[in-house]
Amino acid sequence: MKKKGEMKKVVKDKLNDGEHDDPWWWLVQKGIKSSFLCVSVFALFVRVAVGLHPYSGANTPPKFGDYEAQRHWMEITLNLPAKDWYRNSSVNNLSYWGLDYPPLTAYQSYIHGVFLKTFDPDSVVLFSSRGYESYHGKLLMRWTVLSSDVLIFFPAVLYFVLVYRSMRLGMGQNSDVAWHIAMILLNPCLILIDHGHFQYNCISLGLTLAAIAAALSQKDLVASVLYCLALNHKQMSAYFAPAFFSYLLGKCLKNKNPVLEVIKLGLIVVGTFAVVWWPYLHSKEDALAVLSRLAPFERGIYEDYVANFWCTSSVLVKWKKIYSTQSLRTLSLAATLLTCLPSMVQQVLAPSSKGFLYALLNSSFSFYLFSFQVHEKSVLLPLLPLTLLALEEHQSLLWLTHFAMFSMFPLLHRDKLVLAYIALYALFILVYFAPGGPSGRCNGSKTRDHSQTTKRGMEFISSIAFHPLVMGFLGLCSLILHVIYLTMRPPNKYPFLFEAVIMLICFSQFVLFTLYFNSKQWMLSKHLTSKDKQKKII
Amino acid sequence: MKQLLWFFGIATTVKLLLIPSYHSTDLEVHRHWLAITHSLPLSQWYYDETSEWTLDYPPFFAYFERFLSVFANLIDPRIVHLHHGLNYKANSAIYFQRISVIVSDLFLLYGVYISTRNLPSLKRTLVWVLVIWSPGLLIVDHLHFQYNGFLFGWLLLSISFLAQGKDLMGGFLFAVLLCFKHLFAVAAPVYFVYLLRHYCRGGLVRGFARLSAIGAVVVAVFAAAYGPFVYHGQIQQVIRRMFPFGRGLCHAYWAPNFWVFYIMLDKGIAFLLRKAGFNIPTPVASFTGGLVGDASPFAVLPRITPMTTFIMVLLALSPCLFKAWRDPKPRLIARSVAYAYTCGFLFGWHVHEKASLHISIPLALVAVESLEDAKHYFLLSVVSCYSLFPLLYEAQEYPIKVLLLLLHTILMWFCFSALFPKNIATKGSLQDDKKSKGSSRTAAEEQRFELGWVAKSYLLGVVVVEIWGQFLHPYLLGDKLPFLPLMLISMYCAIGIMYSWIWQLKWIIIFS
């Protein structure tokens, strides 16, 4: 009995000891990898649960939706030789969900097709499987996305977090790291599009994320290979190209032998492309056939109601009527390049890790806002670097995720994913405001640091963007719009009135934040140079 | 409190996400009860036979369904229509019922909050994790579909009142709970003895006054519940509905309890005797076949009647009752209640595997008390959650249940290792008592949360059993012996629950 009493005392001592300020101490005490394990199992669970909900185009013949597109690609790649994948023929009708993503997607479809064939052969039979839907078919398809996510996106997140942590870019506490992991893994938009709507963004974004981590840890060659792979999985990854290009170029220029470095990178890029494109490099015709599939210019400058410049301004200016597609193409390209030029210049002149992350954000936002043929789902791309910057940009993360979700609301509503939308949105908010998490605790400390040095430029924008009145008003507006969208019918004269209003609000916020992030990136270099100067003086 | 709400919020979002998942016939059962209570007068509730899912819960639950049916009627009148509502599977019905469970869980939140109010913050957090994020509760309530969450809220509330010494309130809440779901009655002997000895003490006069007070409370509760039915002269019918003893010793899927071993022993002996040349007739009613009629399902061993199980439960309970009689301690009430449910689970008649929640939820309150408790709870919780796996047999929910168990195991591991960390000796010696350095180091070795090799290999066995049942069995044996995987699961889990029973028994005999 005496021994027992002692034991109790020790327990008590320990408990007093253990009562840290950090309420998450028990969860993160075993280090980053264990907390990553815990968060990722939960994130995986959430993904499986979202997979229970319907996918895009369920039970809607004749065209169905993205789910059918992906399944159809598996059917095509499994049954035809690689050369015929991108070519219109009697067995491959390109007008029915023709393959229009780069070769890596095709290979991935092939592998998943083999998987489907072993367990449910009917689902990938040529021709007769069109519009195939079944309980097991849905499960198998969902599991292909889940496995891609686990095999590519999750390890990439771990890699990034470890690199980010070792660079001391983030804050010190373990629980902040866990929060950061949760912010990246539980990004509601990505989960809804991949596991609800049905796509494989986790692969290209995962590869991009791994490339970012490699670039941050000075493994430039690995980074270029990974980024080329991402680019070859989804051409949308080009949204990040200016940032990668300028960051890597800037680093090369700082090197002793810049020409050699550039040549090395160039060779690696060409080599990676050559390997991925191998089946199509034997004749010019084949390669051009693939290329023409990848750039569907005939689809017009915008579709549906996407919150970018062309679509929003078309309320006033009918771009499609004034200009030909050809001139719109050049126009949009010029606009895109022009808007991401400042951030590129900054990175070429002063490449830095933090600057690189901001550059990724800025270039992807420029592409989202100004490039040709942008889809609502493309907002996932700017969101990725934003989640990576979660510890720096709490408020923007919350605010932009809100509007990114909002901009996809009509799409997800069509997919009957409203319940999952609400649940995931609530989950995101809860995790974001986790008691004792960084959002509540050190809201000011880090940003205030910055704002002291960079007061003038940003004060104006951030005072508009983060003014409580503005935030409250816009938050209320979007809440009311959600309800209106769900419950009311638009007037007959303007059937897409609500979509247009949503688009307008989201666009205004995206533009504002693009300006804000651009100025922030530039302030960063000023901040750095002033620090350098101080060092020199000392 | 903020953190508790946060835990609850996370759990709620997960529950919302799980709405479209598989649900058992219990959804239709409860929908039908909504219809019965809404469209029929009270006097016909326990007589109605429109559907095979007759009302077989006590009156308070029927009143609860009546309360819910008011809202259901507002949302979609067809849900509560006695005939048109049969097997009604529209989204409105499913969403309404699922959300009613989610909302009723608020009571669980309250119960957990009250019962952990006085714990130190780390322990409190851990109990919250164990109860609010309980995978078993999630599987049974929000996938399989039942209303257990708020009942456990009552139970925790009642236990915490007793633990604080507010005996009358605790007894009152337990009486109410019994009128919600009579399965909780297994702990009634413990409550009875404890209240008699702890509340009704202090001399003959005072004791008698208190006895009559608590008696009056209990009678009042039961009168409120059963009064209307007594008035209509239906009490026998109500009782008959509530205790359908015709159902047989075991459920279609055997709950992992003592009777599994009994059945296996019977089969084993019969097999051996047949080998030895004796002529043993195969019993007409078989356990693997499903429904059991009047014939004895045993080939050799004596038949088990409800009375036998009743006596066995009481016998198993007796050490605990004895202790409660001799020295009723408020501190031990949670353990005693959990022990009572363990006995009921192991030796009871027609036990359902869902009843293992009755053990794991109250025990969560004491799991953080000592290292031994934590070790025991870790094992018990994994086993009790794993034994629920056969409830979700469809492929769609397979990753969900596996991930739930995995997440729970990881969380428990983190919880308990944070509570009992490795290097406490250095901490302790650094702090103050340098003299007792040696003793604190030995204490440290005992304080570290680590499973022994037996427990480790047992848990590894769970993985093996699962892999065999899911992958190897269909691959190697095909359609032969289809009942074998489930039998393995119940046998394997039964070992774990038996261990937990013996552990709890030992604890009650030695420590209390």
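Just so it is clear, none of the values below were taken in a lab; they were calculated from the coordinates. Everything quoted here is computed from the prediction, not taken from an experiment. Here Cβ is always computed from backbone atoms with ideal geometry, including for glycine, and neighbour counts include all displayed protein chains.
In percent, what relative contact order does chain B have, based on Cα pairs under 8 Å that are 6 or more apart in sequence? Mind showing how you got there, number by number?
Working: 628 pairs, mean separation 83.7, N = 512.
With pairs under 8 Å counted, the relative contact order is 16 percent.
Taking each pair of different alpha-carbon atoms in the stretch B:85-190 once, compute 1/r for the pair, average those values, and report the inverse of that mean as the Kirkwood hydrodynamic radius in Å to one decimal.
Working: mean 1/r = 0.0666 Å⁻¹.
Averaging 1/r across every pair of different Cα atoms and inverting gives 15.0 Å.
What FRET efficiency would be calculated for the residue pair B:LEU106, A:LYS256, taking the C-beta separation as r and a Förster radius of 56 Å, to the nearest 0.05? Working shown, then result.
Values: r = 67 Å, r/R0 = 1.19.
That gives a FRET efficiency of 0.25.
Whole-Hz ³J(HN,Hα) for each residue in the stretch B:123-128, computed from phi via Karplus 6.51 cos²θ - 1.76 cosθ + 1.60 with θ = phi - 60°, x for glycine and proline: what do you get?
4, 4, 4, 5, 4, 4
Expressed in nm to one decimal, what extension gain is obtained for the pair B:HIS352 and B:PHE511 from 0.36 nm per residue of sequence separation less their Cα-Cα distance? Don't jump to the answer; show the numbers that get you there.
On the way: separation 159, 0.36 × 159 = 57.24 nm, distance 3.06 nm.
Length gained, B:HIS352 through B:PHE511: 54.2 nm.
Going by how many other beta carbons lie within 10 Å of each one, how would you line up A:LYS30, A:LYS520, fewest first? Let's see the in-between values first.
Values: A:LYS30 17, A:LYS520 26.
Lowest count first: A:LYS30, A:LYS520.
How large is ³J(HN,Hα) for each residue in the stretch A:92-99, as worked out from phi by the Karplus curve 6.51 cos²θ - 1.76 cosθ + 1.60 (θ = phi - 60°), to whole Hz, x for Gly and Pro?
9, 7, 5, 6, 9, 6, x, 5
Can you pull the mean other chain C-beta count within 10 Å for peptide B:1-10? List each step's numbers first, then the result.
Details: counts 1, 5, 5, 1, 2, 8, 2, 1, 6, 6.
Mean partner-chain Cβ count within 10 Å for B:1-10: 4.
Along the Cα-to-C-beta direction of A:THR325, a point sits 7 Å from the Cα; which residues of the stretch A:350-380 have their amide N less than 16 Å from that point?
Residues A:372-374 fall inside that zone.
Given H placed on each backbone N at 1.01 Å, which residues far from B:VAL351 in sequence or on other chains put an amide H within less than 5 Å of it?
Residues meeting the amide H criterion: B:HIS251.
Go ahead and run the numbers for FRET between B:ALA188 and B:MET1, Cβ-Cβ distance against an R0 of 41 Å, rounding to 0.05.
Values: r = 33 Å, r/R0 = 0.80.
That pair, B:ALA188 with B:MET1, gives E of 0.80.
Quick query: amide H of A:VAL374 versus all other amide H atoms, modeled in the peptide plane; which residues come in under 5 Å with a sequence gap of 5 or more or a different chain?
A:GLU303
Treating only the Cβ atoms of Lys and Arg (+1) and Asp and Glu (-1) as charged, compute the dipole magnitude of the stretch B:322-407 about its Cα centre; round to the nearest 20 debye.
On the way: 8 positive and 7 negative charges, 77 e Å.
That gives a dipole near 380 debye.
Determine the gain in length on full extension of the stretch B:ALA90-B:GLU372; use 0.36 nm per residue of separation and subtract their C-alpha separation, reporting nm with one decimal. All intermediate terms of the calculation are to be shown ahead of the outcome.
On the way: separation 282, 0.36 × 282 = 101.52 nm, distance 4.88 nm.
96.6 nm is the gain from fully extending B:ALA90 to B:GLU372.
Looking only at other chains, what is the average number of their beta-carbon atoms within 10 angstrom of each beta-carbon in B:123-134? It would help to have the intermediate numbers written out before the result.
Working: counts 3, 0, 5, 1, 0, 0, 2, 0, 0, 0, 1, 0.
The mean count of partner-chain Cβ atoms within 10 Å per residue comes to 1.
Please give the calculated 222 nm ellipticity per residue for chain B, where each DSSP H segment of at least 4 residues contributes -39500 (n - 2.57) and the sum is spread over every residue; nearest 500 deg cm²/dmol? Please list the in-between numbers first.
Values: 22 runs with 323 residues, N = 512.
Rounded to the nearest 500, it is -20500 deg cm²/dmol.
At 7 Å along the Cα-to-beta-carbon direction for both A:SER292 and B:LEU42, put a label point, then send me their distance in nm to one decimal.
Result for the modelled spin labels: 8.1 nm.
May I ask you to compute the full-extension gain from A:ARG299 to A:PHE496, defined as 0.36 nm times their residue separation minus their alpha-carbon distance, rounded to one decimal in nm?
68.9 nm
Where the centre of each part is set by its Cα atoms, how far does the stretch B:309-333 sit from the stretch B:443-495, in angstrom?
First find each Cα centre; the distance between them is then 31 Å.
Just counting partner chain Cβ atoms within 10 Å, what average do the residues of peptide A:43-52 show around their Cβ?
The mean count of partner-chain Cβ atoms within 10 Å per residue comes to 6.
Using θ = phi - 60° and the Karplus form 6.51 cos²θ - 1.76 cosθ + 1.60, what ³J(HN,Hα) does each residue of the stretch A:189-198 get, whole Hz, x for Gly and Pro?
5, 4, 4, 5, 6, 6, 9, x, 4, 5
Quickly work out the A:VAL125-to-A:MET471 label distance, labels modelled 7 Å from Cα along the C-beta direction, and quote it in nm with one decimal.
5.8 nm
By the gyration tensor of its Cα atoms, with a ≥ b ≥ c the square roots of the eigenvalues, what is the shape of the stretch A:205-362: rounded for a/c under 1.5, prolate for a/b over b/c, or oblate?
Working: a/c = 2.22, a/b = 1.36, b/c = 1.64.
Here the stretch A:205-362 falls in the oblate category.
Ranking request for peptides A:153-164, B:125-136, B:268-279: highest mean number of other beta-carbon atoms within 10 Å first, then the rest in descending order. Write out the running numbers ahead of the final one.
On the way: A:153-164: 20.7, B:125-136: 23.2, B:268-279: 11.3.
Put in order of decreasing packing, that is B:125-136, A:153-164, B:268-279.
Based on alpha-carbon centroids, what's the gap between the stretch B:183-243 and the stretch A:38-112 in Å, whole number please?
Using only Cα atoms to place each centre, the spacing works out to 63 Å.
Give the shape of the stretch A:353-401 as rounded, prolate or oblate, defined through the alpha-carbon gyration tensor: a ≥ b ≥ c are the square roots of its eigenvalues, a/c under 1.5 means rounded, and otherwise the shape is prolate if a/b is larger than b/c and oblate if not.
On the way: a/c = 2.75, a/b = 1.53, b/c = 1.80.
Verdict is oblate for the stretch A:353-401.
Step through the table entries B:LYS15/B:LYS354; A:LYS117/B:LYS401; B:LYS123/B:LYS354; A:LYS138/A:LYS416; A:LYS320/A:LYS377, compare each Cα-Cα distance with 20 Å, and write down the pairs that go over it. Can you show the working numbers first?
Values: B:LYS15/B:LYS354 18 Å; A:LYS117/B:LYS401 26 Å; B:LYS123/B:LYS354 27 Å; A:LYS138/A:LYS416 16 Å; A:LYS320/A:LYS377 22 Å.
Pairs exceeding the cut-off: A:LYS117/B:LYS401; B:LYS123/B:LYS354; A:LYS320/A:LYS377.
Provide the FRET efficiency to the nearest 0.05 for the B:ARG117-B:LYS480 pair, computing r from the beta carbons and using R0 = 41 Å.
Working: r = 55 Å, r/R0 = 1.35.
That gives a FRET efficiency of 0.15.
Using alpha carbon centroids, what distance separates the stretch A:387-429 and the stretch A:220-277, in Å?
The stretch A:387-429 and the stretch A:220-277 have Cα centres separated by 31 Å.
If I model a spin label as a point 7 Å beyond the Cα along the Cα-Cβ vector, how far apart are those points for A:LYS284 and A:ILE429 in nm?
In this crude spin-label approximation the distance works out to 5.9 nm.
Kindly identify chain A as rounded, prolate or oblate by the Cα gyration tensor criterion: order the square roots of the eigenvalues as a ≥ b ≥ c, call it rounded if a/c is under 1.5, otherwise compare a/b with b/c, prolate if a/b is larger, else oblate. If you can, show how the numbers build up before the last one.
On the way: a/c = 1.38, a/b = 1.25, b/c = 1.11.
The shape class here is rounded.
In whole Å, what three semi-axes, largest first, describe the equivalent ellipsoid of the protein assembly as shown built from its Cα gyration tensor (square root of 5 times each eigenvalue)?
56, 35, 29
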